[in-house]
Amino acid sequence: MKRAIVWFAVVGGLGLITAVVLTVIEGVNYRLREEQGLDPIRAADWVAGATVAGFALFVISAVALIALAVSSGQKPLDEIPE
């Protein structure tokens, strides 16, 4: 169980870091083009896809960690008194 918690935490953290870094980089590029008087362009498809994938990994990992936290507090069925 500890391995699953660590694994989901690492994957979720990497997904969030990926999404935030790509968003900041594209925001800076947008601002620089705007200051130069050029028309700002949309982010490349791979950047948009990687950002969405990073957020998706973060959300899936967060849901899995919440499920693990909730399920660890429950007693197994054979230990419940009748």
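Here are a few things to note about the model shown:
- Within region 63-82, residues that are at negative phi reach partners that are modelled with pLDDT of 90 or more and of a type in the set (A, V, I, L, M, F, W, C) with beta carbons closer than 6 Å, at six or more positions or on different chains, in the pairs A64/F8; L65/F8.
- Residues that are β-branched (V, I, T) and open to solvent by 50 Å² or more (accessible area, probe 1.4 Å) within region 42-62 comprise V52, V59, I60, listed in sequence order.
- Yes/no for V28 being more than 30 Å from S72 (Cβ to Cβ) and either charged (D, E, K, R) or surrounded by 11 or more Cβ atoms within 10 Å (Cβ to Cβ) (or both): no
- For L65, the test of being open to solvent by less than 60 Å² (accessible area, probe 1.4 Å) and part of a helix (DSSP H, G or I) is passed.
The values are calculated or read from the model by the stated rules, or taken from the named source; none is laboratory data. None of these values were measured; they are calculated from a predicted model. Here the Cβ is made from the backbone with ideal geometry for all residues, glycine too, and neighbour counts use every protein chain on show. Just the protein is used for accessible areas: all its heavy atoms, side chains included, with ligands, DNA and RNA removed. Shrake-Rupley method; radii C 1.70, N 1.55, O 1.52, S 1.80 Å.
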